[in-house]
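Below is one structure, written out as structure tokens; comments come after it.
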Amino acid sequence: MVQTDSIWVKVDLKSSPEKVYGFFRNHLGDLVDLFPENFNSIQLVEGQHFDRGSLVLSKYEFGHEHRVEKWVIRAVDDVKKYIVYEAVEGEALKQFKVLRAKVEAVHGGSTKVGGGNFTKLTIEFEKANENVASPEIYLELFVKIAKGVDAYFSNN
């Protein structure tokens, strides 16, 4: 029986969920400018915009290796403010049969401590074999990105 696992983390936001979601929805290619040490290029290779079904080619530094991967946008929900990306080609698929990343910008709905706005980052995966480690390194990169995008909007 196939078992898909997931790991997730919540990143508190100082900026608005709309701005953070809008970045991932419409300006994903700008990660190259915000994180030049990690991203060499991000190109839309299929589709008109960063919409469901669009294919994105990413060239980036991951740990100590250069990666070239293609990710398809599996789901976009502008009301609930989430996007799901899935790896369809590249190094990630040597370790994982399935690797999906969900970015969700959430209104906390409260001004109480711990009740503010946040980004929920989820990695859903199926390992290629039992010797493959859980994809925490992907989650760490996504946390760095979410914090950097939030900082950018908080300061501008």
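This table checks each residue for (1) out of contact with any strand residue (DSSP E or B) (no Cβ under 7 Å at 6 or more places or on another chain); (2) farther than 29 Å from Glu18 by Cβ.
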{"site": "Trp71", "(1), (2)": "no, no"}
{"site": "Val79", "(1), (2)": "yes, no"}
{"site": "Ala92", "(1), (2)": "no, yes"}
{"site": "Phe96", "(1), (2)": "no, yes"}
{"site": "Ser154", "(1), (2)": "yes, no"}
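Quick check: anything in region 1-18 open to solvent by less than 60 Å² (accessible area, probe 1.4 Å), within 15 Å of the chain's Cα centre (by Cα), under 20 Å from Ser154 (Cβ atoms) and hydrophobic (A, V, I, L, M, F, W, C)? Yes - at least one qualifying residue is present in region 1-18.
Entry remark, region 1-21: residues being basic (Lys, Arg) and not in a strand (DSSP E or B) number 2 in total. Yes or no: region 123-134 includes at least one residue that is of a type in the set (Phe, Trp, Tyr), in contact (Cβ under 8 Å) with a residue 40 or more places away in the chain and either open to solvent by less than 20 Å² (accessible area, probe 1.4 Å) or more than 18 Å from Ile7 (Cα to Cα) (or both). Yes: one or more hits. Number of residues in region 1-42 that are without any contact (Cβ under 8 Å) to a residue 60 or more places away in the chain and either within 23 Å of Asp78 (Cβ to Cβ) or of a type in the set (Asp, Glu) (or both): the value is 10. Comparison of Phe118, Phe142 shows that the only residue that is farther than 23 Å from Phe39 by Cβ, open to solvent by 30 Å² or more (accessible area, probe 1.4 Å) and of a type in the set (Phe, Trp, Tyr) is Phe118. What do you reckon, is Tyr85 modelled with pLDDT of 95 or more, closer than 22 Å to Asp150 by Cβ and of a type in the set (Ser, Thr, Tyr)? The answer is yes for Tyr85.
Going by the structure shown, is Phe24 in contact with a helix residue (DSSP H, G or I) (Cβ under 6 Å, 6 or more places away or on another chain) and either modelled with pLDDT under 95 or not in a helix (DSSP H, G or I) (or both)? The answer is no for Phe24.
For (1) out of contact with any strand residue (DSSP E or B) (no Cβ under 9 Å at 6 or more places or on another chain); (2) at pLDDT below 90; (3) not β-branched (Val, Ile, Thr), each residue gets a yes or a no:
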| position | (1), (2), (3) |
| --- | --- |
| Gly108 | no, yes, yes |
| Gly115 | yes, yes, yes |
| Glu126 | no, no, yes |
| Ser134 | no, no, yes |
| Tyr138 | no, no, yes |
| Ala151 | yes, no, yes |
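When region 73-102 is limited to residues that are without any contact (Cβ under 8 Å) to a residue 24 or more places away in the chain and open to solvent by 70 Å² or more (accessible area, probe 1.4 Å), the one that is nearest to Gly63 (Cα to Cα) turns out to be Glu89. Of the residues making up region 30-48, at least one is of a type outside the set (Asp, Glu), assigned to a helix (DSSP H, G or I), closer than 23 Å to Tyr152 by Cα and open to solvent by less than 50 Å² (accessible area, probe 1.4 Å).
The values are calculated or read from the model by the stated rules, or taken from the named source; none is laboratory data. The model shown is predicted, which means the values in this text are computed figures rather than measured ones. Glycine gets a Cβ as well: all are built from the backbone with ideal geometry, and neighbour counts include every protein chain shown. All accessible areas refer to the heavy atoms of the entire protein, side chains included, with ligands and DNA or RNA removed. Shrake-Rupley method; radii C 1.70, N 1.55, O 1.52, S 1.80 Å.
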